[in-house]
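Taking it in order: structure first as structure tokens, then the write-up.
The values are calculated or read from the model by the stated rules, or taken from the named source; none is laboratory data. As the structure is a computational prediction, the values presented were derived from the model and not from experiment. With ideal geometry, Cβ positions are generated from the backbone for all residues, glycine too; neighbour counts draw on all protein chains shown.
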Amino acid sequence: MPRLDPTSLQVFIGTIETGTIAAAAEREHIAAAAISKRISELELVLATQLLVRTNKGVEPTAAGLALVHMARRALSELDGVYLQMREYADGMRGLVRVVANISAITQFLPAEIQSFRIKYPEIRLQLEEKISSAITRDVAENAADIGIFAAGAHHHELEIFDYHRDRLVLIAPTDHALAGRAEISLSEALDYDFVGLHPGSAINMLIAREAGQMNKVMRMAMQVTSYDALCLMVHSGIGIGVLPQRSASHYIQTLGLHEIAINEGWVDRELKLCVRTRAGLPPAARLFFEHLQRNGQ
């Protein structure tokens with residue numbers, strides 16, 4: 001099937017709107033002979049007469065009037081295609097793939113994503129929670145655009161940027177032997193059973209590392225996959241737990257848990273942003289990355 005040329009449709013509309021080929025040529029900045037040729041080709045392709053030529057100019061046939069309406073709609077849709085593609089190129093539309101650890105998701109991302117969506121409603125964010133080692137791997141392998149992870153060793157060539165800091169605290173049920181304490185050392189806490197996060201979590205590995213340096217072990221009564229489940233298990237008396245202070249505050253109020261400060265430097269953590277290269281980010285991902293940086297501290 002022959003394809004219709006948008007330029008021919010545009011000059012045909014111009015001819016109908018101005019009433020003469022000469023006027024259309026002046027408006028469209030095309031030679032009158034070129035317009036006549038394009039209209040003749042349109043009539044040939046569509047196998048129907050579109051114009052009636054008179055001594056006053058041109059008039060559309062019934063088919064010509066129908067074509068004017070369809071051509072206007074088609075050209076408008078083509079303009080819409082161009083504008084939407086420009087929005088993708090400018091970052092105003094698009095998909096941003098983000099992987100983040102549970103600490104970032106529960107403490108910082110909800111408010112930051114909401115404020116970003118208000119400003120860029122046509123950009124879709126795909127967020128997945130993973131442990132830090134999987135986050136850096138996904139970004140390195142281009143399975144994600146942006147990663148948010150707990151600072152530490154990683155084995156990939158990535159660009160790393162500051163994001164937020166958080167502080168770990170210990171939580172215990174109100175009837176626990178430690179519930180009256182305002183602060184504690186890890187060495188003392190290791191005498192009790194813990195509820196921990198799933199294997200590979202940064203917090204688990206941090207505690208295990210510190211315990212190993214003291215020739216002690218972390219007695220894990222249970223491992224769970226979320227802070228919700230961890231706090232509920234602590235509340236039921238299964239063990240004590242460690243999580244970021246900002247994440248713990250909600251559960252402390254709703255479940256009546258007791259917060260205990262851990263008086264050691266390792267509880268102050270840094271969360272980082274990682275990308276393959278900042279310069280290589282797609283436009284929409286670059287906008288979200290810059291938004292996260294502005295909101296970081």
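State which residue pairs qualify: first residue within 23 Å of L292 (Cβ to Cβ) and inside the range 148-176, second residue among the hydroxyl-bearing types (S, T, Y) and surrounded by fewer than 13 Cβ atoms within 10 Å (Cβ to Cβ) in any location, beta carbons under 9 Å apart, and separation of 6 or more residues or different chains.
Short answer, once both residue conditions are applied: L158/T277; E159/T277.
Please pick out the residue among A182, A177, A189, A151 that is touching a Ser or Thr at 6+ places or on another chain (Cβ under 9 Å) and not charged (D, E, K, R).
A151
Of the residues that sit in the range 143-157 and are within 16 Å of N204 (Cα to Cα) and modelled with pLDDT of 90 or more, which one is surrounded by the most Cβ atoms within 10 Å (Cβ to Cβ)?
Among them, the one singled out is F149.
Looking only at the range 118-139, count how many residues are of a type outside the set (D, E, K, R), within 13 Å of N101 (Cβ to Cβ) and either assigned to a loop (DSSP other than H, G, I, E, B) or touching a helix residue (DSSP H, G or I) at 6+ places or on another chain (Cβ under 9 Å) (or both).
4
Does T225 fit the bill of being out of contact with any Ser or Thr (no Cβ under 7 Å at 6 or more places or on another chain) and under 30 Å from R137 (Cα atoms)?
Judged against the criteria, T225 is a match.
When the range 1-58 is examined, which residues are found to be in a loop (DSSP other than H, G, I, E, B), assigned by TED's automatic domain parsing to the domain that holds L78, of a type in the set (A, V, I, L, M) and without any contact (Cβ under 8 Å) to a residue 24 or more places away in the chain?
Once the filter is applied, which keeps residues that are in a loop (DSSP other than H, G, I, E, B), assigned by TED's automatic domain parsing to the domain that holds L78, of a type in the set (A, V, I, L, M) and without any contact (Cβ under 8 Å) to a residue 24 or more places away in the chain, the range 1-58 yields I30, A31, A47.
Count, please, the residues in the range 204-221 that happen to be under 16 Å from L170 (Cα atoms) and either part of a loop (DSSP other than H, G, I, E, B) or free of Cβ contacts under 8 Å to residues at least 60 places away in the same chain (or both).
10
Here is a check on your reading of the model: is L170 in a loop (DSSP other than H, G, I, E, B) and not assigned by TED's automatic domain parsing to the domain that holds F289?
no
Could you name every one of the helices (runs of 4 or more DSSP H) located completely within the range 226-297 that has at least 1 residues being free of Cβ contacts under 8 Å to residues at least 40 places away in the same chain and of a type in the set (A, V, I, L, M, F, W, C)?
Once the helices (runs of 4 or more DSSP H) in the range 226-297 are filtered for at least 1 residues that are free of Cβ contacts under 8 Å to residues at least 40 places away in the same chain and of a type in the set (A, V, I, L, M, F, W, C), what remains is 227-235, 245-255.
Of the residues A140, A134, only one is modelled with pLDDT under 95, over 29 Å from G239 (Cβ atoms), of a type outside the set (D, E, K, R) and surrounded by 14 or more Cβ atoms within 10 Å (Cβ to Cβ); which?
Exactly one of A140, A134 is modelled with pLDDT under 95, over 29 Å from G239 (Cβ atoms), of a type outside the set (D, E, K, R) and surrounded by 14 or more Cβ atoms within 10 Å (Cβ to Cβ), namely A140.
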